[in-house]
Structure formats: C-alpha cells, structure tokens
Ligand code: SF4
Ligand code: SF4
C-alpha cells in the first residue's frame, strides 16, 4: 500500500483530489465492504515519490489519519494478499490480467522509510 488511512479520518475528502495516482476514494466508493472511512487503494499508491511530501498528508487536517504501510513490492506479496483475503484491502482484479498484486504490479515507494516504521504503521511526519 504504501500509505493507509486510519479510523481517525474525519472523511473530509481533502486528500482525494490531491492524489496524483487517483489512489484515494471516499467511503461510499470504497471497495471495502461497509467502509466507514476514506480508503487508499494500495495497488495504486506511489507514495508521491516525486514530491517532497506525500500530497494526501499535506492536505490532511487530522493528525494520525494517514500512516505508513509496507512497500507495494513482490517482497510483501503475501502480506497484501492475506490482507485482501481478510478484507482489509480489496485489490483490483482485472478480467484478463488477474489481481493487481504487488508481485504482478509493484509500485514505487520511499526507500528512506524504514520497514520497522512501516510495520508499526507510524504516522506520517515531514
Ligand atoms: S501517498 Fe501520494 S500516491 Fe499515495 S495515496 Fe497519498 S497522495 Fe496518493
Ligand atoms: S484528508 Fe485526512 S481526514 Fe480528510 S479524508 Fe483524507 S485522510 Fe481523512
């Protein structure tokens, strides 16, 4: 995923239009069943690697609403596929190309964010 949105989100939608990867959707458009919060599609998030600060974080008024998650790369394929099975994520499934897993469809990520911080879902801070 890259980044994920927590239950501290107030659903203000400020982050949605700022995302350069159209990775963020509101709760009504979320692929998660009975979603209550704005959702980041991990298979689309590119961690805004070309910007100094992730655009969603920059737009968000709520401390703690956006946290780090694991890089969306093959090494964490099982992590995301398990999350998909549990309904934490709903990774896009293409009719012909199959699921957009990290293995099949890796995304750029910020290499300066440690795996320890990612695993702990540390709050973004810049
Ligand atoms: S980090 Fe960037 S690409 Fe990822 S959800 Fe936030 S705005 Fe979109
Ligand atoms: S800007 Fe922050 S509080 Fe607003 S919808 Fe996005 S994550 Fe939630």
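Criterion first (within 13 Å of ligand 1 (Cβ to nearest atom), at pLDDT 95 or above and outside any loop (DSSP other than H, G, I, E, B)) does residue 76 satisfy it? Judged against the criteria, residue 76 is not a match. The set of residues in segment 39-79 that are more than 13 Å from residue 22 (Cβ to Cβ), touching a helix residue (DSSP H, G or I) at 6+ places or on another chain (Cβ under 6 Å) and within 13 Å of ligand 2 (Cβ to nearest atom) comprises 59, 66. Only one entry of 56, 9 meets the criterion of being assigned to a helix (DSSP H, G or I) and more than 16 Å from residue 118 (Cα to Cα), and that entry is 56. Only one of the listed residues (63, 85, 103) is more than 16 Å from ligand 1 (Cβ to nearest atom), surrounded by fewer than 18 Cβ atoms within 10 Å (Cβ to Cβ) and outside any helix (DSSP H, G or I). That residue is 103. Please verify whether residue 97 is surrounded by fewer than 18 Cβ atoms within 10 Å (Cβ to Cβ) and either within 17 Å of residue 121 (Cα to Cα) or without any contact (Cβ under 8 Å) to a residue 12 or more places away in the chain (or both), treating the condition exactly as stated. Criteria met by residue 97. In segment 20-35, the residues that are closer than 20 Å to residue 47 by Cβ and without any contact (Cβ under 8 Å) to a residue 60 or more places away in the chain reach residues that are within 12 Å of ligand 2 (Cβ to nearest atom) and in a loop (DSSP other than H, G, I, E, B) with C-beta atoms within less than 6 angstrom, at least six apart or across chains, in these pairs: 24/15. The set of residues in segment 12-33 being assigned to a loop (DSSP other than H, G, I, E, B), at pLDDT 95 or above and either near ligand 2 (Cβ under 9 Å from one of its atoms) or more than 17 Å from residue 100 (Cα to Cα) (or both) consists of 12, 13, 14, 15, 19, 20, 26.
The values are calculated or read from the model by the stated rules, or taken from the named source; none is laboratory data. All values derive from a computational prediction rather than experimental measurement. For neighbour counting, all protein chains shown are included, and Cβ atoms are generated from backbone atoms with ideal geometry for every residue, glycine included.
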